[in-house]
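Nothing in this text is a laboratory measurement; each read-out follows from the coordinates by a stated rule. All values reported here derive from a predicted model rather than from experimental measurement. Neighbour counts are summed over all protein chains in view; Cβ atoms, including those assigned to glycine, are modelled from backbone coordinates with ideal geometry.
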Amino acid sequence: MIHLVAPTAQLLPLKTFKADGTGFLSDILRAIYYAVENNANVINMSFDTQTRSRELRKALDYANQNNVICAASVGNEGQQAPPLNVYPAEWQNDVMGVASTNNQDTRSSFSNYGDEIVWVAAPGEAIVSTYPFSTYAAGWGTSFSAPFVSGGSSLLLNKQANTNESQAAAAVAHALPLGPDMGHGRLDLVQALAAIDGPPTGSIDSPAGDVIIEAGQPVFFSGSGTDPDGTVTGYSWSFPGGNPGSSNVATPGNVTYSAVGTFLASLTVTDNAGLSDPSPKTRTVTVLPAFSLSSTPSAATVPPGASANHTVTVVPGTSFTGTVRFSVAGLPSGATSSFYPASLTGSGSTTLAVTTATTTPQGTYRLTITGTSGRFSHTTQVTLVTFLFPRLPQV
């Protein structure tokens, strides 16, 4: 029945009763502790006893303290409580007691009743379930009612993973009223789910994915958040290795990374109920060593057919050991260029030789020198002036 309500729930079957329906308290206690210690979120107890047990109450207190939601049958004697005592349903701080209803939304004649044991009711007549020898059969009893509440509790946890017993009970209390002695009424999962506040979800809008930058470069960050049943009221950014190192606004803007390394930026959003995104969003920022270029002289004047030399220097940042290859753009017509050496590793200088042709037009040309290492490029500029000097008169 639990899978009828919560098809994706994982089940941990624990057998505590014999085929004739009898069992020992020690086996029940062992099952409760085993379920809690093996990370069960919900415990369904389709049984009841009229004998009060301090150890059973202690076990259920332990489950409650570990945020385990518990539901139990109220029994099938058709009697009212009080004077009837039914455990564990009577311990309403730890357990939701479940009575049975028919298809007319009235109490099943066999179901025990009374607000001291009934927290909510659920269908318990002609419930089709698995049966020995790979078949199915219909069953009657509050033992068939409790799993509807247990399955519903699984749905509540799916919406809000931190839901505990008291929160689940408060949500389940949003039920269809049935009158006196039937607790809060017949289970209504639509209302129960609406009563549970879901957490917000954050999103990092920029950058769209992980980034690789050079040391000293900024990364632009912006984010947003949504909440299915409330409003996003807080943003908490963390930028290890960045400046600034944190922010509490949706769009922090540029964050500069000066140190070389790999850093994980994260965003957690919070809603008006104080709930936070259970899965903070992240971006990995990989910061590689940087370099820059300088050049001298900044300008040279030559006649057409002559050459000009410029020294280009690689200025390495911290830990930079990459190989820089050079190119130049903006040469005038007929001019050629060469770098010696053609590349540098780590640091050093290369000589750019620009040779003009006799046909190179006179003029002023802005040359852009580019150094490329891996995915990064940097530039420096020099000016080349070609000018045909006037011939001096002979004396």
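Calculate how steeply helix 142-159 sits against the longest principal axis of the alpha-carbon atoms of the chain, using the helix alpha-carbon long axis, and give the answer as 0 to 90 degrees to the nearest 10.
20
Size of region 1-196 along its principal axes in angstrom, Cα-based, largest extent first?
40, 40, 39
Over all directions, average the projected area of the Cα convex hull of region 1-79 and note it in nm².
Its average projected convex-hull area is 6.1 nm².
Please give the helix 25-37 orientation as an angle from the longest Cα principal axis of the chain, in degrees from 0 to 90, rounded to the nearest 10.
10
Mind listing the long-range amide H neighbours of Gly253? Cut-off is under 5 Å, sequence gap 5 or more, other chains count too, H placed in the peptide plane at 1.01 Å from N.
Phe221
Going by how many other Cβ atoms sit within 10 Å of their own, how do His378, His3 line up, fewest first?
Ranked by crowding around the Cβ, least crowded first: His3, His378.
Give me the compactness ratio for region 291-386, meaning the Cα radius of gyration over 2.2 N^0.38 Å.
1.09
Could you work out how far the C-alpha centroid of region 124-177 sits from that of region 273-350, in angstrom?
67
Would you please give the FRET efficiency between Ser224 and Thr8, computed as 1/(1 + (r/R0)^6) with r the Cβ-Cβ distance and R0 = 22 Å, to the nearest 0.05?
The value I calculate is 0.20.
Per residue, how much space in cubic angstrom lies within the convex hull of the C-alpha atoms of region 245-301?
Dividing the Cα hull volume of region 245-301 by its residues yields 120 Å³.
What is the P(r) of region 177-251, as percent of Cα-Cα pairs per 5 Å bin from 0?
It works out to 3, 11, 16, 15, 11, 8, 8, 6, 6, 5, 5, 3, 2, 1, 0, in whole percents.
What's the angle, to the nearest 10 degrees (0 to 90), between helix 54-65's Cα axis and the longest principal axis of the chain?
20
Summing -39500 (n - 2.57) over the DSSP H runs of n ≥ 4 in the chain and dividing by its residue number, what mean residue ellipticity at 222 nm do you reach, to the nearest 500 deg cm²/dmol?
Counting only the DSSP helices, I get -4500 deg cm²/dmol.
Taking every DSSP beta bridge with both residues inside the chain, roughly what % is antiparallel (nearest 5)?
Antiparallel bridges make up about 80 percent of those DSSP assigns within the chain.
Against the empirical 2.2 N^0.38 Å scaling, what ratio does the C-alpha Rg of the chain come to?
With N residues counted in the chain, Rg over 2.2 N^0.38 Å equals 1.79.
Sequence-distant or interchain residues sharing an amide H contact under 5 Å with Gly78, placed H: which?
Ser111, Asn112
Go ahead and run the numbers for FRET between Asn309 and Thr286, Cβ-Cβ distance against an R0 of 22 Å, rounding to 0.05.
That gives a FRET efficiency of 0.05.
So how long is each side of region 18-132 along the principal axes, counting just the alpha-carbon atoms, biggest first, in Å?
40, 37, 26
Can you work out ³J(HN,Hα) from phi for every residue in region 124-141, in order, using Karplus 6.51 cos²θ - 1.76 cosθ + 1.60 and θ = phi - 60°, giving whole Hz and x for Gly and Pro?
So the J values, rounded to whole Hz, are x, 10, 6, 8, 7, 9, 5, 9, x, 6, 6, 9, 10, 8, 8, x, 10, x.
From the P(r) of region 213-254, can you give the percent of Cα pairs sitting at distances over 12 Å?
The answer is 63 percent, as a whole percent.
Along the three principal axes, how long is region 201-288 when you take its alpha carbons, biggest first, rounded to the nearest angstrom?
The Cα atoms of region 201-288 stretch 43, 19, 16 Å along the principal axes, largest first.
Among bridges DSSP assigns within region 1-196, what percent are antiparallel (round to 5)?
40
Kindly state, to the nearest 0.05, the FRET efficiency for Ser279 paired with Arg54, given R0 = 41 Å and r defined as their beta-carbon distance.
0.50
So, by mean Cβ neighbours within 10 angstrom, what's the order for 187-200, 53-66 with the highest one leading?
Ranking, from highest mean packing down: 187-200, 53-66.
Normalized C-alpha radius of gyration of region 74-182, against 2.2 N^0.38 Å?
1.08
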